[in-house]
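Shown next, in structure tokens, is the structure this report addresses.
Read-outs throughout are calculated quantities, based only on the coordinates presented, and are distinct from any laboratory measurement. Small disclaimer: the values here were computed from a predicted structure and weren't measured. Neighbour counts are summed over all protein chains in view; Cβ atoms, including those assigned to glycine, are modelled from backbone coordinates with ideal geometry.
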Amino acid sequence: MKNLNRRQMLRVASGLGGGLALSSLLPGWAQSATPGMAPALPTLTGPNIDLRIGHSSLTVDGRAGHAVTINGTVPGPLLRLKEGQRVRLAVKNDLAEDTSVHWHGLLVPFQMDGVPGVTFPGIKPGETFVYEFPIKQSGTYWYHSHSGLQEAEGHYGPIIIDPAGPDPVAYDREHVIVLSDYSFMHPHLIFKRMKQRSGLFNFQKQTVAGLFAGKDQTLKERMEWAKMRMDPTDISDVTGAALTFLVNGHGPGDNWTGLFTPGERVRLRFINTAAQMVFDVRIPGLKMTVVASDGQNVRPVEVDEFQIGNAETYDVIVQPTEDKAFTLVAEAVDRSGMGRATLAPRAGMTAPVPPLRERPLATMRDMGMDMSSMKGMDMGGAGGAMAGVDHAAMGHDVAATPGMAGMAPQPGMAPPKPRGSDAMAGMAGMKMSMRDPQNAPGVTMGPGVQTIAPMPVDRTGEPGQGLASVGHRVLVYNDLIALAANPDQRTPTRALDIHLTGNMERFMWGFDGLKFSETSKPYTFEKGERVRVTLINDTMMAHPIHLHGHFFELTHGPAGYGPRKHTVMVMPGGKASWDFTAEPGDWAFHCHMLYHMHAGMFQVFAVRPLDGGAA
């Protein structure tokens, strides 16, 4: 199967009587049974791999569109590698514009990291660039363009690295599940329209009918939000109005299908390659045991659902025992659509597809107004400062507030919250500025800073937006504990706060108040130093923040066993802290919502001296 591209696979499939015949020749992790289609995810392996970046057509749910592809497919070929090997990847650019490939989550020399303007000049049209590096790890990863908005057009693919020794995860069959979003509208046009008009793609705004039905905010709350020019329904900038959500390149109607035999332990390797959408993943009727996050093994934890941010990966084990099909649901965080696939014992089987759930509304906690920090304030009565506040959405810290003990919800298990009690009612007497620079020292105040969170708190113990009251167990970051001890357990010698800032109305995004083009210098570190970084989200939108070339350890759990990740979702108005050991080089640091990065939420971690003693 070495260096087998899509055209070759289709030719072989034709000779074998179709895609299902070819599927039987593939290992379990590569098999699918999507009717009328060749098996998903053509696979390349070995020490030498050739990749070609070009234009192709892509058909999604019967509609033809354009894609930037790798070897002619979306996703690109699955790269199957082995820990300890050395790999040489020759990337040919058949586009009329520059391109690149970043090996997301792989520990590579910074010159091989694939970020134009930071680690190399990019790959010019007609040219070939050879990436070569040792494989130092195992797990689930992916690769994608770091040039323009090509990633949104289909320029991405999965990477699976098998461990050098025994795999601590036992399984009988494996499926790689690549989640993505795709639009028939060109991404540059999407970006232009978001700059022109905030909320253009949000078709789920509050209505007069919702007001009278008591489904959404009260009139008073709406007026308070309007004063701040904020929309509580603006959960995701680009929505299902412009996007179709794919599983392994297939739309919901295409219904990608993965096979299993009842009783098998099936390993599902989820990768969120979406340009903009965060997904909530569940398989109704099946429990999922999370065994790895961002390629790193964790102590098994059983859940019913998990949220996967852009660029994150999760490995889960499911064990269906019945001879029936199950629907795999990847629901958009804003409930504007879903990716859908099927797990089944035989091709052609389907299961009921659940309806989209009610879309979430942002709350005052998403503004960085933490209820547990308001001790001593008037908490009750119709005229009290906190009247009308949505206590059920306040998360785990609510129990610390006087008079509210026992109301803290368990992860994903809160009771349904009442509508019309979300955020701002009765807040008039609180005298709290949403743009007080004293709350964010070091932030450059300007048009790119719409809000500063007054009281941000660590929200890594909370489920994602829309999941606080779903009635079943939802994974939270605090559930994740590393399976093996972290390699560097030194205490950090310094701390660094980085504010995630933006202006949603103008679609401006940055770090510490500045977009990348406005910054004069990178964040600087010394080789080998141990640093605690705290990300403070001053915006009302979650951000998946990725650091290239490193794993960092979240700071919860038993000492030395914080989960190692390369990407972390920072909830609106929240904080997330992690420790890392600085490796020499220039490393991209950015939000992995592609349009946020494109708008300026990008920086560089510069670590000196470089290997070889260079300054």
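With a Förster radius of 25 Å, plug the Cβ-Cβ distance of residue 88 and residue 319 into 1/(1 + (r/R0)^6) and report the FRET value to the nearest 0.05. Don't skip to the answer; put the middle values down first.
Details: r = 39 Å, r/R0 = 1.54.
That pair, residue 88 with residue 319, gives E of 0.05.
Bridging of residue 521 to aspartates and glutamates at a Cα separation below 13 Å is possible for 512, 586, once same-chain residues fewer than 8 apart are set aside. Here the range 481-615 carries DSSP beta bridges of which approximately 70% are antiparallel, counting only pairs with both residues inside.
Between residue 184 and residue 481, residue separation times 0.36 nm minus the direct Cα-Cα distance comes to 102.9 nm. The modelled label-to-label distance for the pair residue 346/residue 521, using points 7 Å beyond Cα in the direction of Cβ, is 6.9 nm. A Förster radius of 45 Å combined with the Cβ-Cβ distance from residue 472 to residue 124 puts the calculated FRET efficiency at roughly 0.30.
The aspartates and glutamates whose alpha-carbon is closer than 16 Å to the alpha-carbon of residue 565, local same-chain residues fewer than 8 away aside, are 294, 312, 315, 479, 488, 553, 579, 583. Hey, got a sec? Which GluC sites (Glu not before Pro) in the range 469-560 land in a DSSP loop and have at most 13 other Cβ atoms within 10 Å? Sites meeting the loop and neighbour criteria: none at all. For the range 343-349, the Karplus equation 6.51 cos²θ - 1.76 cosθ + 1.60, evaluated at θ = phi - 60°, returns couplings of 9, 8, x, 9, 5, x, 7 Hz by residue, with Gly and Pro reported as x. In terms of its C-alpha gyration tensor, the range 49-90 has an oblate overall shape, because the principal axis ratio a/c (a ≥ b ≥ c, square roots of the eigenvalues) is not below 1.5 and a/b does not outweigh b/c. DSSP beta bridges confined to the range 233-343 are antiparallel in about 90 percent of cases. Summary value for the range 276-373: 25 percent relative contact order, contacts being C-alpha pairs under 8 angstrom separated by 6+ residues.
Prolate is the label for the range 491-554. Its Cα gyration tensor axes, ordered a ≥ b ≥ c, give a/c of at least 1.5 and a/b above b/c. Separation of the alpha carbons by more than 23 angstrom is noted, of 92/195; 124/195; 192/515; 82/527, for 92/195; 124/195; 82/527. Near residue 324, which aspartates and glutamates are there with a Cα under 16 Å away, not counting those fewer than 8 places off in the same chain? Result set, ordered by chain and number: 264. Measuring from label point to label point, each 7 Å out along Cα→Cβ, what is the residue 505 to residue 136 span in nm? According to this spin-label approximation, the distance is 4.6 nm.
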